[in-house]
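Here is the structure we will look at.
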Amino acid sequence: MQLRLTVEYEGTAYQGWQVQPDGPTVQEVLERALATALREPVRVRAAGRTDAGVHACGQVAAVRVRHVPPDLERLRRSLNALTPDDVAVRDIAVVDDAFDPRRHARSRVYEYRIWNAPAPSPFWRRHAWHVPLPLDVAAMEEAVRALAGEHDFAAFRGADAGPQRSTVRRVLETALRADGPLLVYRIEATGFLKYMVRNIVGTLAEVGRGERPPAAMREVLESRDRTQAGPTAPPHGLLLVAVRY
């Protein structure tokens, strides 16, 4: 059998989700805690491999176990006692062996936060990109609407991304909201390319600063050319909100 975990983490101190040779990762922390609590070696698989510095409040992971603990709530408390304060297991459930957190996901939801004010915010410094110049929110709202639906998102993939079978993705939701100086871009899609959200946000910031018109977002999308998009926004503004099944 498998255990399905819903995991939250503040990604500042980590080199991303996946185990890396050059620094701590969330996967490594969870596997160590699970091995201690379950008294058996484990390998944890996640719905999405977030990059260094990226946060999550709704990551989903699965782990095969030889024996299912009788008290899952006690296991959850044990895991949270064994992990650092910046990683927490919110929920544990039993699922069958066929469950694959990545392949069975219907969609994923990300949010990206921008702190748009002349002065930086000490409170948001780890969770929002500080953009001091005023941004035109109405222009940005118009620009993101071009991303809705099924498109080839090759223009927004990472420049160092390896070969992929397809760069076509279907965006189910794309919206920007403002709460005072805090801007939140929310996107839900059937899948994401490497750096896709951060490259969209980098382009969106250029629209907000008046460096591109709102129509440029569609033009970049249709170009399928990474060099036509804006710079990659920093990782700390990105949050994996939910994985839907």
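The values are calculated or read from the model by the stated rules, or taken from the named source; none is laboratory data. Fair warning: this is a prediction, and the values are worked out from it, not measured in the lab. Positions of Cβ are generated from backbone atoms using ideal geometry, with glycine treated the same way; all protein chains shown enter the neighbour counts.
Scanning segment 36-77 for residues that are in contact with a helix residue (DSSP H, G or I) (Cβ under 7 Å, 6 or more places away or on another chain), closer than 13 Å to Val94 by Cβ and part of a loop (DSSP other than H, G, I, E, B) returns Val65, Pro69.
A single entry from Gly210, Gly158 fulfils the requirement of being within 19 Å of the chain's Cα centre (by Cα), of a type in the set (Gly, Ala, Ser) and either part of a strand (DSSP E or B) or over 25 Å from Tyr245 (Cα atoms) (or both): Gly158. Among residues belonging to segment 224-245 that are basic (Lys, Arg) and over 19 Å from the mean Cα position of the chain (by Cα), point out the one that is surrounded by the fewest Cβ atoms within 10 Å (Cβ to Cβ). Looking at residues that are basic (Lys, Arg) and over 19 Å from the mean Cα position of the chain (by Cα), I get Arg224. Here Tyr110 meets each of (1) aromatic (Phe, Trp, Tyr); (2) free of Cβ contacts under 8 Å to residues at least 12 places away in the same chain; (3) within 20 Å of Gly16 (Cβ to Cβ) with one exception, condition (2).
Only one of Arg108, Arg126 is at pLDDT 95 or above, under 30 Å from Val168 (Cβ atoms) and either charged (D, E, K, R) or part of a strand (DSSP E or B) (or both); which?
Values: Arg126 fails: under 30 Å from Val168 (Cβ atoms).
Just a single option satisfies the conditions, and that option is Arg108.
Of all residues in segment 228-241, those that are under 11 Å from Arg126 (Cβ atoms) have Cβ atoms under 6 Å from Cβ atoms of residues that are outside any strand (DSSP E or B) and not polar (S, T, N, Q), 6 or more apart or on another chain, in Pro235/Asp51; Pro235/Gly53; Pro235/Val54; His236/Gly53; His236/Arg126; Gly237/Ala128.
If the condition is being of a type in the set (Asp, Glu) and within 18 Å of Ala229 (Cα to Cα), then segment 151-187 contributes Asp152, Asp160.
From the list Val207, Val171, Val144, Val201, pick out the single residue that is modelled with pLDDT of 95 or more, in the same structural domain as Phe123 (by TED's automatic domain parsing), of a type outside the set (S, T, N, Q) and in contact with a His (Cβ under 8 Å, 6 or more places away or on another chain). Please lay out each step first, then the result.
Values: Val207 fails: in contact with a His (Cβ under 8 Å, 6 or more places away or on another chain); Val144 fails: in contact with a His (Cβ under 8 Å, 6 or more places away or on another chain); Val201 fails: in contact with a His (Cβ under 8 Å, 6 or more places away or on another chain).
Of Val207, Val171, Val144, Val201, the one residue that is modelled with pLDDT of 95 or more, in the same structural domain as Phe123 (by TED's automatic domain parsing), of a type outside the set (S, T, N, Q) and in contact with a His (Cβ under 8 Å, 6 or more places away or on another chain) is Val171.
Please tell me if Leu221 is closer than 27 Å to Arg106 by Cβ, of a type in the set (A, V, I, L, M, F, W, C) and surrounded by fewer than 22 Cβ atoms within 10 Å (Cβ to Cβ). Spelling it out, Leu221 is indeed closer than 27 Å to Arg106 by Cβ, of a type in the set (A, V, I, L, M, F, W, C) and surrounded by fewer than 22 Cβ atoms within 10 Å (Cβ to Cβ).
Among the residues of segment 213-244, none is identified as of a type in the set (Val, Ile, Thr), within 22 Å of Arg49 (Cα to Cα) and in a helix (DSSP H, G or I).
Scanning segment 135-150 for residues that are without any contact (Cβ under 8 Å) to a residue 24 or more places away in the chain and over 24 Å from Thr167 (Cβ atoms) returns a single hit, Ala138. Only residues that are within 13 Å of Arg244 (Cβ to Cβ) and surrounded by 19 or more Cβ atoms within 10 Å (Cβ to Cβ) were counted in segment 108-117, giving 2. How many residues does segment 4-19 contain that are out of contact with any helix residue (DSSP H, G or I) (no Cβ under 8 Å at 6 or more places or on another chain) and either under 15 Å from Arg77 (Cα atoms) or in a strand (DSSP E or B) (or both)? Residues in segment 4-19 being out of contact with any helix residue (DSSP H, G or I) (no Cβ under 8 Å at 6 or more places or on another chain) and either under 15 Å from Arg77 (Cα atoms) or in a strand (DSSP E or B) (or both): 3 in total.
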